[in-house]
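What follows is one structure encoded as structure tokens, with my remarks underneath.
We did not get these values from a lab; they are worked out from the coordinates using the rules stated. Quick caveat, the model's predicted, so the values are computed rather than measured. Note that we place each Cβ from the backbone using ideal geometry, even for glycine, and neighbour counts take in every protein chain shown.
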Amino acid sequence: MIEIIPCTKFISELSTRRLPSIASRPGLTRRSHRQFGVAARCLAAPAPPQQQQQTPPPAVPEYTPSVKQIAAYAAKVGRRSSAGGILAATTETYAAYGTTEQLYGECARQCDYSVPSRLEKPPQPAPKNAAGEDTGEGQGAWFAPRSQGGLGLPVTFFSWAQVMYLHLYILTVRLRRFPPEHVRIWEQHLMDHFYYAAEDKMEKWHGMAARGVRNKNLKDLWLQWRGALLSYDEGLIKGDAMLSAAVWRAIFKADVNANIEDVAMVTAYLRQELQRVDLITDADLAVGKVKFGDLGAVRPFLNGQSTSMTRSFNQEDLSQLKAIEAEAARTNK
């Protein structure tokens, strides 16, 4: 049977019994220290991390390589052909874009215009001429009055575009002498710069805010450019009579009242600049070293009489004419 000890008796026995000392039980002491240590590590607040002062990285300056640097790199990695060093395929797109931007800038330097009424607050419509075209204030010899040695063209978007076409054609003829695989990309970039400038003028000076309207006009400009190419190429092949007719239709809008001396001056200028760019090397053209001459510089030549007007038609001329006719007959066959 289980002996039931009264509560008073159990308490009295506990009070008289000696409990073993904690020091006599080393295991218990070690466990207590180990457990306390763990508890201390768990309860101790972690030391705050040292705040390292972070300095921002130095700003990297924006780097835009120049056309000369691009061309130099292209020459370094390019092929060994006469123009291949400059027109290397690895960097050709960048070199073509940068150089043609510079070439177009030389074209744009020949003439420009603005419409001051569009700068007013609020913008006012541009004044119109008799043909209903927006007119502005021109800059350059092409828009300057004839009394000042200029051509006196009406200051309109159409006149500006036709003068640009003339100079773009001069550069295009020279670009055709590049190796055939390179010609297209250079011509395309050159014309892209023109279209960017034309669209900017449509919006800024003529209030064409709608993109659809601008795109329609850009398409018309592209068709006009194709027509200018065909007309000037035909004149370049068939002679100055045909070339001056192309100039008359483009620059002077086929006006029957156009001054014949002005037509002759533009034709002579076109011939002069074609000869000028023909003497430029591929390397110089590839870095944009092109400068157009002065329009008025050819005017003094118009006052003189051509030597062909007084020279008689001789036997040598007849032989050359027969040779040309024979060559034409063989070609037609």
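Label-to-label distance, Asn314 versus Asp200, with points set 7 angstrom from Cα along the beta-carbon direction: 5.6 nm. Put a dot 7 Å past the Cα of Ala329, heading toward its Cβ, do the same for Arg184, and the two dots end up 4.0 nm apart.
Potential lengthening of the chain between Leu230 and Leu218 amounts to 2.5 nm, from the contour at 0.36 nm per residue minus the alpha-carbon distance. Where the centre of each part is set by its Cα atoms, how far does region 249-297 sit from region 152-208, in angstrom? Region 249-297 and region 152-208 have Cα centres separated by 14 Å.
Computed over the Cα atoms of region 249-296, pair by distinct pair, the Kirkwood hydrodynamic radius stands at 12.5 angstrom. Sorted largest first, the spans of the alpha carbon positions of region 214-254 along the three principal axes are 36, 19, 7 Å. Take the Cα radius of gyration of region 190-333 and divide it by 2.2 N^0.38 Å, N being the number of residues; the result is 1.39. Inter-label distance, Asp284 to Tyr94: 2.7 nm, where each label sits 7 Å from its Cα along the C-beta direction.
After finding the eigenvalues of the alpha carbon gyration tensor for region 99-251, what semi-axes result from the square roots of 5 times each, listed largest first in whole Å? Show your work: numbers first, answer last.
Numbers: eigenvalues 151, 78, 40 Å².
Its equivalent ellipsoid spans semi-axes of 27, 20, 14 Å.
Figure the gain on full extension for Ala254 and Met242 (residue separation times 0.36 nm, minus the Cα-Cα span) and round it to one decimal in nm.
Details: separation 12, 0.36 × 12 = 4.32 nm, distance 1.34 nm.
So the extension gain works out to 3.0 nm.
With a ≥ b ≥ c the root eigenvalues of the C-alpha gyration tensor of region 213-292, is it rounded (a/c under 1.5), prolate (a/b larger than b/c) or oblate? Taking the square roots of the gyration eigenvalues as a ≥ b ≥ c, region 213-292 is oblate.
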